[in-house]
Amino acid sequence: MIYRIDLRGDALPEGAALRDLLPRAEFDVEAALEKVRPICEDVHHRGTAALIEYAEKFDGVKLDRVRVPAAALADALEQLDPQVRAALEESIRRARIVHRAQRRDEHTTQVVPGGTVTEKWVPVERVGLYTPGGRSVYPSSVIMNVVPAQEAGVESIALASPPQKEFGGLPHPTILAACALLGVDEVYATGGAQAVAMFAYGTSGPDGCAPANMVTGPGNIWVAAAKRYFTGRIGIDTEAGPTEIAVLADSTADPVHVAADLISQAEHDPMAAAVLVTDSVELADAVEKELEPQVAATKHIEDRIVPALSGKQSAIVLVDGVEEGLRVVNAYGAEHLEIHTADAAAVAARVRNAGAIFVGPWSPVSLGDYCAGSNHVLPTGGCACHSSGLSVQSFLRGIHIVDYTRDALAEVTHHVVTLAEAEDLPAHGAALKARFGWKVPEQ
């Protein structure tokens, strides 16, 4: 069901050479870009009419309007299963605890007497948040996007999710209920690249959507391509690719836990990646043996789990030891990384590249997906080597405020003039000399 890569015996290569040996899903955003370009520009020119047309073409629903009525949000919350509501409320509560602690305070640094630089943090004014539809419903993604935006102080929040035929062209009711719980009342029934275009360009009319400064949230390849298309016009979090889990484990790991966690990620999508890195052949054998009955006992077997586990993006990687395993997982840069080793906390502390790290047998990825308090909108495709997951800081801009007195400027003018002339930009220096009668103040 899952193939093996044997990296034992020889010295592991460095950097990109090691990354090239590891499994990864193919995800060609550049090719998708050419297909989403005309969709985005159609939304630009025809607005809501284009969104309605694409809802019928891609989602099989005929819409009269794209914005979800307030009554539909209220009804969804009223009809929500009480246990689901309690679980969503607890997820929100824990996410607020973690994200509230991420707020950043204004800080002033005195560089010299009379010269200060203050860094203040200002939230973006308006964000468009995307929640996928498709194979699964993700009210948890509503929480993971909305909570950090709210805790950052974003004033205007809109959310888009694909219309669902079985729910009369509205997004899934659990998504609407999550929006209602969070106080988000601007919700649109539109998905894919057209939703990103709506946020980037805005639409007119009584139910029109004002342009957003930023778009965040996971989605399929069309959403990722649209984000790339609009980069520069709007801010984005990341071009999310197929979800992935890596597990670093030694002989102390429980194969039942490891197999269950690999399967849990594989059920997202046939392109989902599940990677086990271990120095124990016995564990690898036990996990392979355990996969079969667990897969057989679950849902989404043929359409997601088996294709994901048997695909080129998933593998059991054999290494000589935990030290080599650390090198492998750092090269891989997983979206989710579980550590199932002796002294797991110490091993986790040495990980440099991961979207989120889950320590030991009682911190599975599923906990992080819903109720750990952490954020599950994380970098994929190795982007954890240079990027972070969604947080309050994603929605904040740091602005420096420079405040110098006459004496403080005079003291440094000769350095500024020297550097300006070294760069052949004499007008830069002249801007200071003009303040002192076109002379450089004496030191």
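Of all residues in the stretch 4-23, which are assigned to a loop (DSSP other than H, G, I, E, B) and either in the same structural domain as ALA224 (by TED's automatic domain parsing) or hydrophobic (A, V, I, L, M, F, W, C) (or both)? Matches in the stretch 4-23: LEU7, ALA11, LEU12, LEU21, LEU22.
Every listed requirement among (1) hydrophobic (A, V, I, L, M, F, W, C); (2) modelled with pLDDT of 95 or more; (3) part of a loop (DSSP other than H, G, I, E, B); (4) touching a His at 6+ places or on another chain (Cβ under 7 Å) is met by VAL137 save one, (2).
Among the candidates LEU276, LEU283, LEU262, single out the residue that is at pLDDT 95 or above, touching a strand residue (DSSP E or B) at 6+ places or on another chain (Cβ under 8 Å) and not in a helix (DSSP H, G or I).
When all the criteria are applied, what remains is LEU276.
When you scan the stretch 36-59, do you find a residue that is surrounded by 12 or more Cβ atoms within 10 Å (Cβ to Cβ), part of a loop (DSSP other than H, G, I, E, B) and without any contact (Cβ under 8 Å) to a residue 24 or more places away in the chain, even just one?
no
Condition check ((1) within 20 Å of the chain's Cα centre (by Cα); (2) surrounded by 24 or more Cβ atoms within 10 Å (Cβ to Cβ); (3) outside the structural domain of GLY133 (by TED's automatic domain parsing)) across all residues:
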residue: ALA177; (1), (2), (3): no, yes, no
residue: GLN194; (1), (2), (3): yes, yes, no
residue: SER204; (1), (2), (3): no, no, no
residue: ALA212; (1), (2), (3): yes, yes, no
residue: ALA224; (1), (2), (3): yes, yes, no
residue: GLY232; (1), (2), (3): yes, no, no
residue: VAL256; (1), (2), (3): no, no, yes
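Listed conditions (1) touching a residue at least 60 places away in the same chain (Cβ under 8 Å); (2) farther than 15 Å from HIS376 by Cα; (3) in contact with a strand residue (DSSP E or B) (Cβ under 6 Å, 6 or more places away or on another chain); (4) of a type in the set (Ser, Thr, Tyr) are all met by THR131, apart from (2). Residues of the stretch 45-90 that are under 20 Å from ALA197 (Cα atoms) and of a type in the set (Val, Ile, Thr): THR48, ILE52, VAL61, VAL66, VAL68.
Of the listed requirements (1) at pLDDT 95 or above; (2) of a type in the set (Gly, Ala, Ser); (3) on the phi < 0 side of the Ramachandran plot, SER387 misses just one: (1). Scanning the stretch 375-405 for residues that are buried (at least 18 other Cβ atoms within 10 Å of the Cβ) and among the aromatic types (Phe, Trp, Tyr) yields one hit, PHE395. Within the stretch 9-23, the set of residues being under 25 Å from the mean Cα position of the chain (by Cα), of a type outside the set (A, V, I, L, M) and either farther than 14 Å from VAL277 by Cα or surrounded by fewer than 10 Cβ atoms within 10 Å (Cβ to Cβ) (or both) comprises GLY15, ASP20. Out of ALA372, ALA408, one residue alone is closer than 26 Å to GLY114 by Cβ, touching a residue at least 40 places away in the same chain (Cβ under 8 Å) and either touching a Cys at 6+ places or on another chain (Cβ under 9 Å) or surrounded by 13 or more Cβ atoms within 10 Å (Cβ to Cβ) (or both). It is ALA408. Among residues of the stretch 99-113 being under 15 Å from PHE395 (Cα atoms) and of a type outside the set (Gly, Ala, Ser), the one that is surrounded by the most Cβ atoms within 10 Å (Cβ to Cβ) is HIS99. Counting only helices (runs of 4 or more DSSP H) that sit completely within the stretch 144-238, those holding 2 or more residues that are within 22 Å of ARG397 (Cα to Cα) and of a type in the set (Lys, Arg) correspond to 221-230. Of VAL317, VAL329, all but one fail to be surrounded by 18 or more Cβ atoms within 10 Å (Cβ to Cβ), among the aliphatic types (A, V, I, L, M) and not in a strand (DSSP E or B); the exception is VAL329.
Summed over the stretch 115-134, residues that are surrounded by fewer than 21 Cβ atoms within 10 Å (Cβ to Cβ) and either aromatic (Phe, Trp, Tyr) or part of a helix (DSSP H, G or I) (or both) total 1.
When you scan the stretch 336-345, do you find a residue that is surrounded by fewer than 17 Cβ atoms within 10 Å (Cβ to Cβ) and either among the acidic types (Asp, Glu) or touching a residue at least 40 places away in the same chain (Cβ under 8 Å) (or both), even just one? Scanning the stretch 336-345, I find at least one residue that is surrounded by fewer than 17 Cβ atoms within 10 Å (Cβ to Cβ) and either among the acidic types (Asp, Glu) or touching a residue at least 40 places away in the same chain (Cβ under 8 Å) (or both), so the answer is yes.
The values are calculated or read from the model by the stated rules, or taken from the named source; none is laboratory data. A quick note: this is a predicted structure, and the numbers were derived from the prediction, not measured. Cβ sites come from the backbone with ideal geometry, for glycine too, and all protein chains shown count toward neighbours.
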